[in-house]
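J.: Sharing a structure with you now.
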Amino acid sequence: MGKGPTPGRPLPPPRLSTSFGGSHVQANGPHAQVTSGNGAIGYKNRHSADYSIANSATWTNSGLHGLANGTSGALAFTRVFEDDSDRSRDSEAQSYSDAVMENFHYSPKGYANSHFSGMADDPVRAVQSASGNDVSISTGEYAGASTHASAGTADKIPTLHGLYESLWRLGGGALPYSAVDVGVSPLYHGRRLLDAGEEEGFASIPKAKRFAARATAGSHVSSKGFQSSSSSGNGVIAFKANRPSAQLGTDWSLANSASYASSGLFGNADAFSRGDANTETIRQTMDASRGNDTEATSYSEANMVNTNYSPHGTANTHFFSTGRSPYSERPIDFSSGNDVSIASPYFSGGSAGAGAATSGTDPALHGVLQTLQSLGGGYIPVTAINVAAYPHEG
């Protein structure tokens, strides 16, 4: 018989990790084809780190006299059930994509949608990260969308990096090869954020505080006409590193969005992007007040109409960023952004980027910015039009 619990000692709260997804495809016509796929993984280690990764992709090609549509959705999360409170969710990542393409009477029409969200929330562990990117593309020949989302919590920053890179070898989080993957960026190895002397644990974080990192974004494109095309993409990441002394702790929120639309002759094109990322410290006091550390929002929209040889173009961009630290040990508050909108007789497009951070030192602030891409988000997928994405030079 197995050894039972020690008398007088309470059982630890139950823990679990769950992942699931689903795909649906439909094709009509002699040349119609569609693929759809998902990848999700949830990993929980009660001693060191939790991580959730979700990917989805959809691609359609109706051909002549055809109709094709597909839908994908994936969800992965880890959770701790506390005895004296409601459910406490440590990490969650979800993604959704769908695409429709039809070509009847030599008049192609298509649209694509993508959305992702990630959340990391842990009252004890010192590092939380949530990120993702997506892209939606629609042309006169095909339509497709892809999203990637991830979220994780860890005791140490090197543990968070190593776990993210190792999860792909555990059989989840990656899309099937048969599914088109138009948006998920490859992994990049960034510089180390902390040196060996700064990799100590964070066991003494007060339980009166709760730390969270959140990232959400979505894209929508619509195209009609044999020469029209449009694309839209987002890249978002929120990164929080907490330490009681907070001398070198740094929080970063980064959001980028881009849209492009070309109507062609007798065509319509539309594009929409949105981004949001924030880190916050939820103070569990009597008034339940919350303090936002960093927040970044990016938005872009482009419309193009070419009817009766009379082109029209509209482009809108917007960004917002703020950095505000509740810690007296973090003297640096930082926020920045840039955007551009372009309209011509042939295309219209816009791109916006925003970033916000709080930090204890300038070197830590620079180091975190170079590290964020290795955690899987914050940059627009290379297949989306990117006319002015922050923080690239030029």
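The values are calculated or read from the model by the stated rules, or taken from the named source; none is laboratory data. Because the structure is a prediction, the values reported are computed rather than measured. Note that each Cβ is placed from the backbone with ideal geometry, even for glycine, and that neighbours are counted across all protein chains shown.
J.: Given (1) at pLDDT below 85; (2) buried (at least 21 other Cβ atoms within 10 Å of the Cβ); (3) among the aliphatic types (A, V, I, L, M); (4) within 22 Å of Thr314 (Cα to Cα), identify the lone condition not met by Leu372.
T.: Here Leu372 clears every test but (4).
J.: Among the candidates Ala174, Ala151, which residue alone is at pLDDT 90 or above and either touching a helix residue (DSSP H, G or I) at 6+ places or on another chain (Cβ under 7 Å) or more than 21 Å from Ser232 (Cα to Cα) (or both)?
T.: The unique qualifying residue is Ala151.
J.: Okay, moving on. Any idea which of (1) of a type outside the set (Asp, Glu); (2) closer than 30 Å to Thr60 by Cβ; (3) at pLDDT 85 or above is the one Trp168 doesn't satisfy?
T.: Exception for Trp168: condition (3).
J.: Inside the range 303-323, can you point out the residues that are under 21 Å from the mean Cα position of the chain (by Cα) and surrounded by 19 or more Cβ atoms within 10 Å (Cβ to Cβ)?
T.: Thr317, Phe319, Ser321, Gly323 - these are the residues of the range 303-323 that are under 21 Å from the mean Cα position of the chain (by Cα) and surrounded by 19 or more Cβ atoms within 10 Å (Cβ to Cβ).
J.: Now a separate question. What about Leu163, is it crowded, with 21+ Cβ neighbours inside 10 Å and either at pLDDT 85 or above or over 19 Å from the mean Cα position of the chain (by Cα) (or both)?
T.: No: the conditions fail for Leu163.
J.: Please go through the range 308-365 and pick out each residue that is part of a loop (DSSP other than H, G, I, E, B) and of a type in the set (Phe, Trp, Tyr).
T.: Tyr309, Tyr327, Tyr346, Phe347
J.: Checking Ser129 against (1) crowded, with 24+ Cβ neighbours inside 10 Å; (2) in a strand (DSSP E or B); (3) out of contact with any helix residue (DSSP H, G or I) (no Cβ under 6 Å at 6 or more places or on another chain), which single condition isn't satisfied?
T.: Every condition holds for Ser129 apart from (3).
J.: Here is a further query. Please tell me if Gly42 is modelled with pLDDT of 90 or more and either assigned to a strand (DSSP E or B) or small (Gly, Ala, Ser) (or both).
T.: Yes; evaluated as a whole, the condition is true for this residue.
J.: Let me ask something else. Would you check which residues across the range 259-278 are within 14 Å of the chain's Cα centre (by Cα) and not charged (D, E, K, R) and list them?
T.: Within the range 259-278, Ser273, Gly275, Ala277, Asn278 qualify.
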